[in-house]
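To start, the structure itself, in structure tokens.
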Amino acid sequence: MASAYGLVNPVNEFMKTTKNELTSRRDFLKTSAVIGGVLAAPAILPGKLWAADNSDTLRVGLIGCGGRGTGAAQQALSADKNVSLVAMGDAFGDRLQGSLKALRGEASVADKVKVTPEKCFVGLDAYKKVLDSGVDVVILATPPGFRPTHLKAAIEAGKHVFSEKPVATDGPGIRMALAAAEMAKQKKLALVAGFCWRYNSPERALFQRINDGEIGDVRVVYGTYYTGPVKPMPSPSERPEGITDLQWQVRNWPNFYWLSGDSLVEQAVHAVDWMCWAMKDVPPLKAMAVGGRQIPAQGGNIFDHFEVNYEYADGARGFIGSRQQAGCVSDNSATIYGTKGTARELGFRGAPFIKGATDWRYDGPKSEMYQVEHDELFASIRSGNPINNGVRLAYSSLAAIMGRMAAYTGQEITWKQALDSQEELVPANMTWDMALNTAPMAMPGVTKFA
């Protein structure tokens, strides 16, 4: 993930030291549920939450206390004058305490950190305890494999949600997320997706012009996400004595595809999301891909490079290249070719521009996209018009998963196949002491689609 989280001082330092540990989903299921859980504190009823005034405190709970979660908590506390962080949950106590210390040390939000020892929850069920602690808004920032379950539980409990990307690592998780998005719509709950570029003013200006037809009909999108490893996999000799299989994998989650979705799904999904944005979030029809691992890693099972060829129903194409290899050139950009011109998205490297009948380059104000996500989330709650990004969160995530499936199997995978897939990557009934062998790395032409 990108490292520019918009944090300063102790929080920023915490992010720097932890981003390599815990950094940086047209039809959907319809469902209904009763808001569950008795809140430990007096509840702010939806009618009051959506009032125009700002007199009621919005209580925030953080689920997943790594670098991205810590950053998101700081941004949430900066988004509204009457908000407080009251509960935190993580699989590991040291992660939670490190995050709490960093947030308390950030002068701009320290007075809004109201987390007591009784509201610090540790373990695989910590998310349930946060949801039952009296919060109104939750931040979901755990490894992606856990996210569908956490999102479903949060919406069922009647919470507004900020969910990091991707929203799942497999087809069943995507279906769960889509059902949660529909439930959120019916309950009038906010669900903001952590596809941060959608909240950046230069990209909003660029893609609005693309979607308005300024470069004509989009025919080709070429996006890249070439970077170093998020977290290199430690050698087996570095595994602490007594740590269980599950603890070891969760500690090193970017290296296991059931937890991260692989590098394409966890990180390069930003480039996939640019493609989806350019195509007005119409799903691709099918995908073929190549991928593999060139740099050996002991213990993990993810690829370190992908190239995916997406085909749309109108014949348009999307090409996404990704790589996580140290010592190589980095590039995170996109070129969008239309029938009347070409658009360039440069990510962190400069202002986007268009070459066509009328040339254009963005020269307006720049926003802090990580902060804007939360500013707009809380403003939507206060206004009574809650944002719901849930469907496009699921669609962009599924497009990346679809590419991974194509690369793993060496087969052409359709959107319907990916959405209907029965492959469940996330283990059921997890306990810390369970035996959990690492699945073998996929072998194209051998690994079967499920």
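Mind jotting down the distance between the C-alpha centroids of the range 201-243 and the range 293-326, whole Å?
Cα centroid of the range 293-326 versus Cα centroid of the range 201-243: 11 Å apart.
Which listed residue (Trp277, Leu436, Pro365) has the Cα farthest towards the positive end of the charge dipole for the chain, taking +1 on Lys and Arg C-beta and -1 on Asp and Glu C-beta about the Cα centre?
Looking along the dipole axis, the top candidate is Pro365.
Each residue of the range 92-102 in turn: what ³J(HN,Hα) in whole Hz from Karplus with 6.51, -1.76, 1.60 and θ = phi - 60°, glycine and Pro shown as x?
Going residue by residue, I get 10, x, 5, 5, 4, 5, x, 5, 4, 4, 5 Hz, with x marking Gly and Pro.
Provide, as a two-decimal number, the C-alpha radius of gyration of the chain over 2.2 N^0.38 Å, N being how many residues it has.
Numbers: Rg = 21.0 Å, N = 450, 2.2 N^0.38 = 22.4 Å.
Ratio of Rg to 2.2 N^0.38 Å for the chain: 0.93.
Be a star and scan the range 435-450 for residues whose amide nitrogen sits under 19 Å from the point 7 Å along the Cα-to-Cβ vector of Asp245.
Inside the label zone: 435-442.
Could you please rank Ser330, Ser380, Ser260, placing first whichever residue has the fewest other Cβ atoms within 10 Å of its Cβ?
Numbers: Ser330 14, Ser380 17, Ser260 24.
Lowest to highest Cβ neighbour count: Ser330, Ser380, Ser260.
Between Asn82 and Ala205, what is the label-to-label distance in nm when each label sits 7 Å out along the Cα-to-Cβ direction?
3.5
To make sure I understand, if each residue's beta carbon is the centre and we count other beta carbons within 10 Å, what order do Leu85, Leu58 fall in, fewest to most?
Values: Leu85 25, Leu58 21.
Listed from fewest to most nearby Cβ atoms, that is Leu58, Leu85.
Quick check for me: using +1 on Lys/Arg Cβ and -1 on Asp/Glu Cβ, what's the dipole size of the chain about its Cα centre, in debye to the nearest 20? All intermediate terms of the calculation are to be shown ahead of the outcome.
Working: 48 positive and 46 negative charges, 97 e Å.
It comes to approximately 460 debye.
Lys and Arg at +1, Asp and Glu at -1: add these up for the other residues within a Cβ distance under 15 Å of Ile295 and post the number. Don't jump to the answer; show the numbers that get you there.
Working: positive: Lys231, Arg293, Arg323; negative: Asp262, Asp304.
With Lys, Arg at +1 and Asp, Glu at -1, the neighbours total +1.
Normalised by the empirical 2.2 N^0.38 Å for globular proteins, what value does the Cα Rg of the range 71-218 take? Can you show the working numbers first?
On the way: Rg = 17.2 Å, N = 148, 2.2 N^0.38 = 14.7 Å.
Relative to the rule-of-thumb radius for its length, the range 71-218 sits at 1.17.
Magnitude of the Cβ-charge dipole of the range 374-449, K/R +1 and D/E -1, about the Cα centre, nearest 20 debye?
Values: 5 positive and 7 negative charges, 33 e Å.
Using Cβ point charges on Lys, Arg, Asp and Glu, the range 374-449 gives about 160 debye.
So how much slack lies between Ala379 and Asp281, counting 0.36 nm per residue of separation and subtracting their Cα-Cα distance, in nm?
Numbers: separation 98, 0.36 × 98 = 35.28 nm, distance 2.44 nm.
Difference between extended and current length: 32.8 nm.
How high is the relative contact order of the range 316-450, in percent, counting Cα pairs under 8 Å that sit 6 or more residues apart?
The value is 12 percent.
Pop the C-beta distance of Glu424 and Ala357 into the FRET formula with R0 = 51 Å and round what comes out to the nearest 0.05.
Details: r = 50 Å, r/R0 = 0.98.
Step by step, r from the Cβ atoms, then E = 0.55.
May I ask which residue of Gly69, Gln97, Ser322 lies farthest towards the positive end of the charge dipole of the chain, with charges of +1 (Lys, Arg) and -1 (Asp, Glu) on Cβ and the Cα centre as origin?
Gly69
Excluding residues fewer than 8 places away in the same chain, name every one of the lysines whose C-alpha is closer than 20 Å to that of Lys416.
By straight Cα distance, Lys416 reaches Lys30, Lys280, Lys286, Lys448.
Which order results if Leu264, Leu77, Leu189 are arranged by neighbouring Cβ count within 10 Å, fewest first?
Values: Leu264 32, Leu77 21, Leu189 26.
Going from sparsest to densest Cβ surroundings: Leu77, Leu189, Leu264.
Given Ile215, Ile174, Phe162, which one lies farthest toward the positive end of the charge dipole of the range 156-312, if we put +1 on the Cβ of every Lys and Arg and -1 on the Cβ of every Asp and Glu?
It is Phe162.
Only Lys, Arg, Asp and Glu count, each charged at its Cβ (+1, +1, -1, -1), so figure out the dipole size of the range 96-142 about its Cα centre, rounded to 20 debye.
Working: 7 positive and 6 negative charges, 21 e Å.
Here the size comes out at about 100 debye.
Please report the antiparallel percentage of DSSP beta bridges with both residues in the chain, rounded to the nearest 5. Show your work: numbers first, answer last.
Working: 34 of 64 bridges.
That works out to approximately 55 percent antiparallel.
Would you mind getting me the FRET efficiency between Asp331 and Thr447? Use the beta-carbon distance for r and R0 = 30 Å, nearest 0.05. Intermediate values should be presented prior to the final figure.
Values: r = 28 Å, r/R0 = 0.95.
Efficiency for this residue pair is about 0.60.
Which distance in nm do the two modelled labels at Lys366 and Gln97 give, with both placed 7 Å along the Cα-to-Cβ direction?
Each label point lies 7 Å from its Cα, and together they span 3.9 nm.
What is the total of Lys pairs in the range 118-168 with C-alpha atoms under 14 Å apart, excluding same-chain pairs fewer than 8 positions apart? Mind showing how you got there, number by number?
Details: Lys119/Lys128; Lys119/Lys129; Lys128/Lys152; Lys128/Lys159; Lys129/Lys159.
Lysine pair count for the range 118-168: 5.
Just so you know, all these numbers are worked out from the coordinates, no wet-lab data involved. Owing to the predicted nature of the structure, the values given are computational and were not obtained by experimental measurement. All Cβ positions, glycine included, derive from the backbone under ideal geometry; neighbour counts span all protein chains shown.
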